[in-house]
Amino acid sequence: MAESPFGEHTTCNPKESICIDAQRIYDSCGDKDCLSDLRVYFTEQSQSVIDGAVSVRIKSADVITVYSTLEQVPFHRGFYSVDMTFFFDVAIEAFMSPGSCPVTVNGLAIHSKKVILYGSEGSVKTFTSEYNYDECDCKQLQPSQNLPKATVQVATPIALSAKVCECKCPCNPPCRIPESICRRFGGDFLQNGSMSVYATIGIFTIVQIERNVQMLIPAYDFCIPEKECVTTSDNPCEMFNRLEFPTNEFFPPTVCDIGDENKKPDCGCK
């Protein structure tokens with residue numbers, strides 16, 4: 001047993017079995033995608049910069065949001081198709097002449113992806129006490145439409161490359177661009193221009209299908225805090241004195257320290 005600062009004891013043996021309401025992951029998949037030649041859309045002001053550029057270079061890429069929809073797969077009970085639409089904020093460095101300093105502009109890239117995962121079946125409606133007596137929750141699903149929930153996790157994209165070329169014909173976005181994204185860039189996106197930019201982005205994703213279930217689990221103890229809250233001080237020196245010395249900043253780790261333990265390079269490490 002170990003005693004916490006609050007005088008409570010913790011143990012490694014479960015005290016009882018309890019029932020909890022949780023999101024169980026029924027199926028999941030991970031993927032690594034190289035999204036090549038994604039058309040980058042710009043607002044009118046940014047497009048004018050691209051039209052005058054002689055070359056471009058990708059600076060960074062960021063995931064703004066991912067929209068996902070879930071549909072049952074016909075004749076395949078318990079399976080669902082997850083349709084995802086990724087919206088990327090792509091920073092492009094435009095060179096107006098050879099050897100000149102680049103001008104950075106931001107544009108929008110869109111990518112769609114579909115996966116099929118198992119999500120089991122369910123035909124119940126859930127009503128909770130958070131709704132008032134006279135209110136009607138119009139979003140309650142019908143018994144035959146009791147769908148699980150799809151979640152999408154995306155790591156920070158890797159900006160690989162970008163190229164600029166003459167625009168041969170107007171190119172419409174693959175889907176409707178939400179108003180919130182247009183406001184993020186400060187206006188509507190143009191469908192045509194004299195020059196077009198195509199970016200290549202690498203992404204890592206994990207897609208999960210979850211369903212709300214009641215599960216029986218072993219309970220060890222209540223989640224009692226094991227440390228006291230540190231009171232903040234207005235004295236900057238007191239705050240500084242509580243910081244640990246950043247040894248790693250002065251002595252960066254070697255390739256042996258950060259490499260995979262199972263695949264260390266031949267560098268004489270023991």
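The values are calculated or read from the model by the stated rules, or taken from the named source; none is laboratory data. These numbers come from a predicted model, not from an experiment. Counting neighbours? That spans all protein chains shown, and the Cβs are built from the backbone with ideal geometry, glycine included. Surface accessibility is based on the protein's heavy atoms, side chains included, excluding ligands, DNA and RNA. Shrake-Rupley method; radii C 1.70, N 1.55, O 1.52, S 1.80 Å.
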Open item on the list: With every protein chain left in place and a probe of 1.4 Å, what is the accessible surface of T254, to the nearest 10 Å²?
Closed with: 70 Å²
Open item on the list: Can you give me the distance in nm between label points at F204 and E228, each placed 7 Å from the Cα along the Cα-to-Cβ direction?
Closed with: 4.1 nm
TODO: Note the full-extension length gain between I158 and Q214 as 0.36 nm times their separation in residues minus their Cα-Cα distance, in nm to one decimal.
DONE: 16.2 nm
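At a Förster radius of 41 Å, what calculated FRET efficiency corresponds to the Cβ-Cβ distance of K114 and E244, to the nearest 0.05? Mind dumping the intermediate values first?
Details: r = 47 Å, r/R0 = 1.15.
Efficiency, from the Cβ-Cβ distance: 0.30.
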Task: Exposure rank, largest accessible area first [L243, L117; 1.4 Å] - done: L243, L117
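Provide R77, R184 ordered by accessible surface of protein heavy atoms (probe 1.4 Å), highest first. Don't jump to the answer; show the numbers that get you there.
Working: R77 185, R184 125 Å².
The residues order as R77, R184, largest area first.
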TODO: May I ask you to list the residues of segment 47-88 whose amide nitrogen lies under 18 Å from a point 7 Å from Cα along the Cα→beta-carbon direction of E166?
DONE: 50-56
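Greater than 28 Å separation of Cα atoms is the criterion. Which listed pairs, K32/K125; K113/K163; K32/K59, meet it? Could the numbers behind the result be given before it?
On the way: K32/K125 36 Å; K113/K163 23 Å; K32/K59 21 Å.
The answer is K32/K125.
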Task: Gained length - C19 relative to Y67, 0.36 nm times residue gap less alpha-carbon distance - done: 14.0 nm
TODO: Compute, for K114, the solvent-accessible surface of its heavy atoms (probe 1.4 Å) with the complete set of protein chains present, and express it in square angstrom to the nearest 10.
DONE: 130 Å²
